[in-house]
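Working notes for the structure below.
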Amino acid sequence: MTERLRRFFATGTTDEITQRLLGKLLIYHSPQGLMSGYITEAEAYLGQRDSAAHAYQGKRTPANEALYGVPGTIYIYSIHSRLCLDVAAQAQDVPEGILIRGIEPVQGRALMEQNRSKHGYDLTNGPGKLMEALGITDKHLNELEFGETDLDIDLDHGKIPKQIVASGRIGVSDRGSWTEKPYRFYVAGNPYVSKLPKRDFDLENHGWKN
C-alpha cells in the first residue's frame, strides 16, 4: 500500500493531488483506539516558488526536512501552539506539501469528542482541531510515511465530492502574492470545513455524491 500511496502523492501537480485527496479516508490507529474521517479540506503548498510555503526559496532545516522526503511522508509542524498535519507531495527532494485542514468523522467519534471536549461540526473543522481530536500531541510520527505507521490514508473506501471549491489559503500571514492564490480546496457544503458559513451547509449529503 505504501508504494501505491507514493504514486498517489507523486502523480500530477500538487494542486491536482490536493483535490484528489478530498473524500479519501484518513485513518489513525491510536493508542486509544481506531479513529478515521473523510478529508473535507486541504491546502496545496508549492515549495520553493511559493512565498507562503515552508520551503520557499529552498529553505531546508531540521524542522521542515519531512517536506523533502519521499511522496507520502508525514510532516507535522506547530503553529500558534497547535500541531498541523501535512504530507509531502512530488518526488523526493521536491519540497511541496499538502496541509490536511479538516475531516468528517467516521470511526471513533466518541474518542474524538473526548479528546476535544467538543461535539458537533466544530470537532474537526480545522487543522489544529483535527489533530487534537485524533489525540496527536507530539511529533513522533514526523518524517514517517503514511501507510507504514499508525497513520494511513485509504484510497479505496472514501467519498466523492459533488463539487470542489477553490479559495485563498486561511491563516497564512501576508507573504506576498501567493497568500491569496486559490490553493485551498474543500468539499462544497460540507459542515466539517473551517469557517464555512452555516447558510452554506449541505445537511442532507454533506456535499458528497455517494
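Kindly report the accessible area of region 75-179 per residue (heavy atoms of protein chains, probe 1.4 Å, no ligands, DNA or RNA), in Å².
Working: 4750 Å² over 105 residues.
Each residue of region 75-179 exposes 45 Å² on average to a 1.4 Å probe.
Could you work out the per residue convex hull volume over the alpha carbons of region 1-88, in cubic angstrom?
Working: hull volume 10.9 nm³, N = 88.
Hull volume over Cα atoms, normalised by residue count, gives 124 Å³.
Strictly over 23 Å apart at the Cα level, which of LYS24/LYS209; LYS139/LYS159; LYS162/LYS195; LYS24/LYS162; LYS118/LYS159 would you flag in this model?
The pairs that break the limit, which is 23 Å between Cα atoms, are LYS139/LYS159; LYS118/LYS159.
In the chain, what percent of the accessible surface is made up of carbon and sulfur (1.4 Å probe, ligands and nucleic acids excluded)?
Working: 4460 of 9430 Å².
Of all accessible area on the chain, carbon and sulfur atoms account for 47 percent.
Extension gain ASN210-HIS80, at 0.36 nm per residue separation less the Cα-Cα distance, in nm?
On the way: separation 130, 0.36 × 130 = 46.80 nm, distance 3.62 nm.
Length gained, ASN210 through HIS80: 43.2 nm.
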Jot down the per residue volume, in cubic angstrom and as a whole number, of the convex hull over the alpha-carbon atoms of region 137-210.
-> 159
Compute the normalised compactness of region 61-169: alpha-carbon radius of gyration over 2.2 N^0.38 Å, N being the residue count.
-> 1.10
Normalised convex hull volume, region 37-117, alpha-carbon set, Å³ per residue | 104
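Where does the chain land at 222 nm, in deg cm²/dmol rounded to the nearest 500, when only DSSP H runs of n ≥ 4 count, each adding -39500 (n - 2.57), divided by all residues? List each step's numbers first, then the result.
Details: 4 runs with 31 residues, N = 210.
After summing the helix terms and dividing by the residues of the chain, the value is -4000 deg cm²/dmol.
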At a probe radius of 1.4 Å, what is the per-residue accessible area of VAL94, in Å² to the nearest 10?
-> 60
Might you work out the accessible area of THR137 for me, using a 1.4 Å probe with all protein chains in place, and round it to the nearest 10 Å²?
-> 120
Quick one: Kirkwood hydrodynamic radius for region 30-74, alpha-carbon pairs, angstrom, one decimal?
-> 12.8
Please report the base-10 log of the normalised intensity I(q)/I(0) for the chain, using a Debye sum with one equal scatterer per alpha carbon and no solvent, at each q in 0.12, 0.14 (1/Å).
-> -0.55, -0.77
Given Cα pairs under 8 Å that are at least 6 residues apart, what percent is the relative contact order of the chain?
-> 25
Report ASP138's accessible area, 1.4 Å probe, all protein chains in place, as a number in Å² to the nearest 10.
-> 70
From zero up to wherever the largest Cα-Cα distance of region 115-160 sits, split into 5 Å bins and tell me the percent of pairs in each.
-> 5, 17, 20, 23, 22, 12, 1
Judged on accessible area alone, 1.4 Å probe, highest first, HIS140, HIS80, HIS206 line up as HIS80, HIS140, HIS206
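The values are calculated or read from the model by the stated rules, or taken from the named source; none is laboratory data. Small disclaimer: the values here were computed from a predicted structure and weren't measured. All accessible areas refer to the heavy atoms of the entire protein, side chains included, with ligands and DNA or RNA removed. Shrake-Rupley method; radii C 1.70, N 1.55, O 1.52, S 1.80 Å.
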